[in-house]
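Participant: Right, I'll just put the structure down here and ask away after.
The values are calculated or read from the model by the stated rules, or taken from the named source; none is laboratory data. Fair warning: this is a prediction, and the values are worked out from it, not measured in the lab. Reconstructed Cβ throughout: ideal geometry from the backbone, glycine too, with neighbour counts over all protein chains shown. Calculation scope for accessible area: heavy atoms of the full protein, side chains included, ligands and nucleic acids excluded. Shrake-Rupley method; radii C 1.70, N 1.55, O 1.52, S 1.80 Å.
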Amino acid sequence: MTTRCKTAILISGSGTNLQAFIDRVGCGALNLELSVVFSNKPDAFGLVRARNAGIPTACIEHSEFADRDSFDHAVAAKLDEWQPDLLVLAGFMRIISEVFLEAFPQRIINIHPALLPAFPGLHVQKKALEYGARFSGCTVHFVDAGVDTGPIIIQAVVPILDDDTEESLSARILQQEHQIYPKAIQLLAEDRVKIQDRRVLIDSKETPETALTNPPI
Ligand code: GRF
């Protein structure tokens, strides 16, 4: 993207990922325009974070619509007022319909608190723990018509410890979300991300760390 990337953030709740974007844009570590924060819930704390940062907000309650498509039409029309280059789902607890995908093709990304394709869906920190996985993490991916199935942009791995609870694991994963989501957005804003079939190719000279083991060898 040659101009400053105009970003719409969609939330339903606390908005700690949103706060990570606000903080990084504020200190110049992330170069984009936070154009609007949208929520489907009027009491989402993320709306307060947005207002405190001087970012425009919008809210449409899904409960006022008969079906998913009519809600998505209304949201797409509302967001279009800001002409966003990128839609960032950050704890937006709604499944995206074709209506939305057609309105913003390959311009919607999501973060998921597990290492996809393992553990899609809800309550995934608990599921990873109960399964006995030794690593979990988080994934930023493009949104497609499936649930948590789109091409993967960036992942962070966290170990699962013997004394972990759902809460402790969720907190460790969330810390990494706050690192990788701004990075993913930066890569997109700098036009360094290409989708090739299911794979995402990143234009970067940085090489990832070598293998992790848990327990360490
Ligand atoms: C995060 O765990 C994210 O992975 C999931 O919803 C949560 C949002 O957290 N999609 P927050 O609202 O950004 O604090």
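Participant: Just check segment 109-205 against the gyration tensor rule for me: Cα atoms, a ≥ b ≥ c as the square roots of the eigenvalues, rounded for a/c under 1.5, and otherwise prolate or oblate depending on whether a/b exceeds b/c.
Facilitator: Note, shape of segment 109-205 comes out prolate.
Participant: To continue, here is another question. How would you order 29-42, 197-210 from highest to lowest mean count of nearby Cβ atoms within 10 Å?
Facilitator: In descending order of packing, they fall as 29-42, 197-210.
Participant: Using the basic label-point model (7 angstrom from Cα toward the beta carbon), what is the THR213 to ARG68 distance in nanometres?
Facilitator: Modelled inter-label distance: 4.4 nm.
Participant: If contacts are Cα pairs under 8 angstrom and at least 6 residues apart, what is the relative contact order of segment 1-157 in percent?
Facilitator: After rounding, I find 20 percent.
Participant: OK, next. Report, in debye and to the nearest 20, how large the dipole of segment 114-217 comes out about its Cα centre when Lys and Arg carry +1 and Asp and Glu carry -1 on their Cβ.
Facilitator: In total the dipole reaches around 280 debye.
Participant: Turning to a different aspect of this structure: Which log10 I(q)/I(0) values, to two decimals, does the chain give at q = 0.11 Å⁻¹ under the Debye formula with one point per Cα?
Facilitator: Results for the chain at q = 0.11 Å⁻¹ read -0.53.
Participant: Another one. Hey, can you find the accessible area per residue of the chain for me, probe 1.4 Å, expressed in square angstrom?
Facilitator: Heavy-atom SASA per residue in the chain reads 52 Å².
Participant: Considering only Cα-Cα distances, which of the following residue pairs are longer than 24 Å: LYS41/LYS78; LYS41/LYS194; LYS6/LYS194?
Facilitator: Checking Cα-Cα distances, LYS41/LYS194 exceed 24 Å.
Participant: May I pose another question? Which order do the peptides 167-177, 9-19 come out in when sorted by mean C-beta neighbours inside 10 angstrom, highest first?
Facilitator: Highest mean packing first, the order is 9-19, 167-177.
Participant: For THR165 and GLN83, what does the FRET efficiency come to when R0 = 35 Å and r is the distance between their Cβ atoms, rounded to the nearest 0.05?
Facilitator: 0.20
Participant: Mean Kyte-Doolittle hydropathy of -1.0 or higher plus an axial Cα length of 27 Å or more: which whole DSSP H helices in the chain meet both?
Facilitator: Those that pass (Cα extent of 27 Å or more, hydropathy at least -1.0) are 166-189.
Participant: For segment 1-115, treating each Cα as an identical point scatterer without solvent, what Debye log10 I(q)/I(0) comes out at q = 0.16, 0.21, 0.22 1/Å?
Facilitator: For segment 1-115, the Cα-only Debye profile gives -0.71, -1.23, -1.34.
Participant: For LYS126, give me every one of the aspartates and glutamates with a C-alpha distance below 12 angstrom, ignoring sequence neighbours fewer than eight places off in its own chain.
Facilitator: The qualifying aspartates and glutamates are ASP164, GLU166, GLU167.
Participant: Quote the FRET efficiency, to the nearest 0.05, computed for ILE202 versus ARG4 with a Förster distance R0 of 25 Å and r equal to the Cβ-Cβ distance.
Facilitator: Plugging the Cβ-Cβ distance into 1/(1 + (r/R0)^6) gives 0.75.
Participant: Would you mind telling me the share, in percent, of accessible area of the chain contributed by carbon and sulfur at probe 1.4 angstrom?
Facilitator: Carbon and sulfur: 52 percent of the exposed surface of the chain.
Participant: A further question follows. Per 0.36 nm of contour for each residue apart, how much would the distance between ASP191 and ALA53 grow if the chain were fully extended, relative to their Cα-Cα spacing?
Facilitator: Full extension of this stretch gives 47.1 nm more.
Participant: Using unit Cβ charges (K, R positive; D, E negative) and no other charged atoms, how large, in debye to the nearest 20, is the dipole of the chain about its Cα centre?
Facilitator: 440 debye
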